[in-house]
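Okay, structure first, notes after.
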Amino acid sequence: MESKPMLFCDTKTVLTYMEANFRFNLALKIPSIRKAEKAAPLFINSLELYDSRLYVNRKEYKIRAYRQCQANVGLHKGEVFYDFDEFGYTLNLADYIEPGDVKFFGNKCRLKDYGLKNECPEKKKISIPCNHSIRLYVSDSMYELPYKNMKIYQLMKRLLTIFIGNRRGEWIIKHFRPQDNVLRWPVDTRKPIVQNFEICTYTHNKLNGLQSIIDTSVPIPILKMSFSNGKIQDHPLFKNVEHLMICNHVCTPTVSDLFSIQTPIVTLTSPATLDTFLGQLINIFMEKPRPIGVRYSILVKRKMNLTTINHPKEIRKYKDAIRLAMGSEAVAVARYSKRRSKTWLIIEVVARN
């Protein structure tokens with residue numbers, strides 16, 4: 001029987017059920033399916049992005065800069081994970097922004113790389129040039145390119161463009177962890193739907209940048225972030241999040257700032273001490289009506305006797321729980337709960353019985 005090429009729609013269907021890394025590699029080797037690959041729905045189980053490496057479904061793509069002159073003195077076999085200039089200074093990534101890139105943090109200081117043991121022969125104008133290259137490690141394979149033609153951040157941009165650039169079909173990231181300082185995002189691509197978002201350190205600028213690259217028309221089930229000091233400001237992205245999880249939170253009166261966030265469910269996963277602040281916290285929570293379903297879960301170091309809390313809207317109180325009126329149809333409840341041997345303070349709004 002004579003074989004026939006698959007139709008465009010058939011190719012899309014087959015590609016949809018392929019694992020992401022296998023699919024990307026196949027499209028690189030077979031140019032005729034690239035258009036279908038970009039149009040077919042894509043599901044990525046996990047995507048982690050760093051300045052010099054990325055993980056797609058836990059498969060690592062690692063980039064290193066190589067200097068032969070440094071290998072001769074035994075410095076990391078001549079490899080470093082950052083870009084540098086001809087004087088041995090680490091390049092400030094914030095100074096190298098291309099269209100589509102998202103900068104999460106402010107400019108960083110230009111620091112001398114004291115790990116370089118000797119100067120490059122090219123700097124000394126020695127006739128024999130030093131071998132500079134950029135290396136891409138994928139599984140057990142290594143690919144090498146001339147460093148003059150490609151920097152680490154440029155190769156990262158190219159990889160992301162090959163993988164997720166120019167997408168026209170719907171694509172979903174189940175677990176997304178952008179950990180880099182500058183996100184080298186493709187210029188032209190459809191925004192992904194993100195199901196579980198882990199953004200590492202919270203900054204308002206980071207939320208601005210991330211909101212510009214993801215599909216915010218679809219709710220984000222979980223957003224995880226770390227925060228240690230200052231103030232968490234409300235952000236339009238929080239309104240699209242169903243469950244906000246915060247770790248490394250130093251529990252001070254700034255915890256009450258979380259009550260202004262538009263996310264209905266908020267969890268603080270670092271142990272807090274609320275002994276002298278719990279009454280004030282409940283007062284702040286009761287300052288305005290809140291919709292049924294709002295819930296704050298705070299990991300605490302120890303319980304406090306809730307019968308010591310006094311509030312004019314109090315309905316009933318026990319040692320481990322207190323109920324307060326919130327309008328005619330809802331009740332605010334503050335209670336302790338035990339989960340996996342840990343004690344949580346739950347402050348929530350429920351319907352009146």
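Every number here is computed from the coordinates shown, using simple stated rules; none is lab data. These figures come from a predicted structure and were not determined experimentally. All Cβ positions, glycine included, derive from the backbone under ideal geometry; neighbour counts span all protein chains shown.
Which ordering of R67, R339, R323 is given by a fewest-first count of other beta-carbon atoms within 10 Å?
So the residues, fewest neighbours to most, are R339, R323, R67.
Write down the Å³ per residue value for the convex hull defined by the alpha carbon atoms of the range 124-215.
158 Å³
Give me the net charge for the shell around P291: Cβ to Cβ below 14 angstrom, other residues only, Lys and Arg +1, Asp and Glu -1.
It works out to a net charge of +2.
How large is the charge dipole for the range 163-351, taken about the Cα centre, if only the Cβ atoms of Lys, Arg (+1) and Asp, Glu (-1) carry charge, to the nearest 20 debye?
580 debye
Taking the Cα-to-Cβ direction at I346 and at Q179 and moving 7 Å from each Cα, how far apart do the two end points lie in nm?
If labels sit at I346 and Q179, their model points lie 3.3 nm apart.
Could you pull out the pairs from K29/K59; K231/K342; K38/K148; K38/K174 whose alpha carbons sit more than 23 Å apart here?
Distance filter (> 23 Å) returns K231/K342; K38/K148.
Using R₀ = 51 Å, calculate the FRET efficiency as 1/(1 + (r/R₀)^6) where r is the Cβ-Cβ separation of N283 and C200; round to 0.05.
0.95
Within 12 Å, Cβ to Cβ, of L274, how many net charges do the neighbouring residues add up to if Lys/Arg are +1 and Asp/Glu are -1?
+2
Based on the alpha-carbon gyration tensor of the range 163-351 and its eigenvalue square roots a ≥ b ≥ c, which shape applies: rounded if a/c is under 1.5, prolate if not and a/b is larger than b/c, or oblate?
prolate
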